[in-house]
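A.B. asks: One structure follows; several queries about it will come next.
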Amino acid sequence: PILAIGLGFFGISLLWQAPLIARGKTRTVSAIAIVSALINLAADAALVPSMGEVGAAWGTFFCFAFMLVATIIAAKTVRV
């Protein structure tokens, strides 16, 4: 269930990326993806040793939650 919710966040963030890509803000989209990946790596390094697979699911959840929030903020600040 944790991973499923995280993947839902990822899907919604893809919808919010469309206006950014349409306006040529691909660097912003890439930067958000890179920071999200780093968050996932850090969370996995911290959580997997103690929690195993559940820790990996939480790491992915945090990663995709950040991606969703950052993408929404970026999309709302882009000027038409």
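A.B. asks: If you take the residues of the stretch 33-46 that are open to solvent by less than 40 Å² (accessible area, probe 1.4 Å) and touching a Gly at 6+ places or on another chain (Cβ under 6 Å), which of them is nearest to residue 10 (Cα to Cα)? Working first, answer last.
C.D. replies: Initially, the stretch 33-46 is screened for residues open to solvent by less than 40 Å² (accessible area, probe 1.4 Å), giving 36, 40, 43.
Add one more test, that the residue is touching a Gly at 6+ places or on another chain (Cβ under 6 Å), and what stays is 40, 43.
Working: 40: 13, 43: 17 Å.
My answer is 40.
A.B. asks: Next up: Which members of the stretch 1-17 meet the condition of being touching a residue at least 40 places away in the same chain (Cβ under 8 Å), open to solvent by 60 Å² or more (accessible area, probe 1.4 Å) and either part of a loop (DSSP other than H, G, I, E, B) or closer than 14 Å to residue 71 by Cβ (or both)?
C.D. replies: Within the stretch 1-17, 10, 12, 16 meet the criteria.
A.B. asks: Considering only the stretch 18-32, how many residues are surrounded by fewer than 16 Cβ atoms within 10 Å (Cβ to Cβ) and either assigned to a helix (DSSP H, G or I) or touching a Phe, Trp or Tyr at 6+ places or on another chain (Cβ under 8 Å) (or both)?
C.D. replies: Residues flagged as surrounded by fewer than 16 Cβ atoms within 10 Å (Cβ to Cβ) and either assigned to a helix (DSSP H, G or I) or touching a Phe, Trp or Tyr at 6+ places or on another chain (Cβ under 8 Å) (or both) within the stretch 18-32 amount to 8.
A.B. asks: Which of the residues belonging to the stretch 47-80 are under 15 Å from residue 10 (Cβ atoms) and either in contact with a strand residue (DSSP E or B) (Cβ under 6 Å, 6 or more places away or on another chain) or not hydrophobic (A, V, I, L, M, F, W, C) (or both)?
C.D. replies: Those that are under 15 Å from residue 10 (Cβ atoms) and either in contact with a strand residue (DSSP E or B) (Cβ under 6 Å, 6 or more places away or on another chain) or not hydrophobic (A, V, I, L, M, F, W, C) (or both): 59, 60, 71.
A.B. asks: Just to be sure I understand the filter: pairs with C-beta atoms under 7 Å, separated by 6 or more residues or on different chains, first member in the stretch 53-64 and under 8 Å from residue 40 (Cα atoms), second member open to solvent by less than 30 Å² (accessible area, probe 1.4 Å). Which pairs pass?
C.D. replies: As it stands, the answer is 59/43; 60/6; 62/43; 63/36; 63/43, since those pairs meet every condition given.
A.B. asks: For the stretch 64-80, what are the residues that are part of a helix (DSSP H, G or I) and open to solvent by 70 Å² or more (accessible area, probe 1.4 Å)?
C.D. replies: 66, 69, 73, 76, 77
The values are calculated or read from the model by the stated rules, or taken from the named source; none is laboratory data. Just so you know, these numbers come straight off a predicted model, no measurement behind them. Please note: Cβ atoms are built from the backbone with ideal geometry, for glycine as well, and neighbour counts cover all protein chains shown. The protein model used for the area step is the full one, side chains on, heavy atoms only, and it has no ligands, DNA or RNA in it. Shrake-Rupley method; radii C 1.70, N 1.55, O 1.52, S 1.80 Å.
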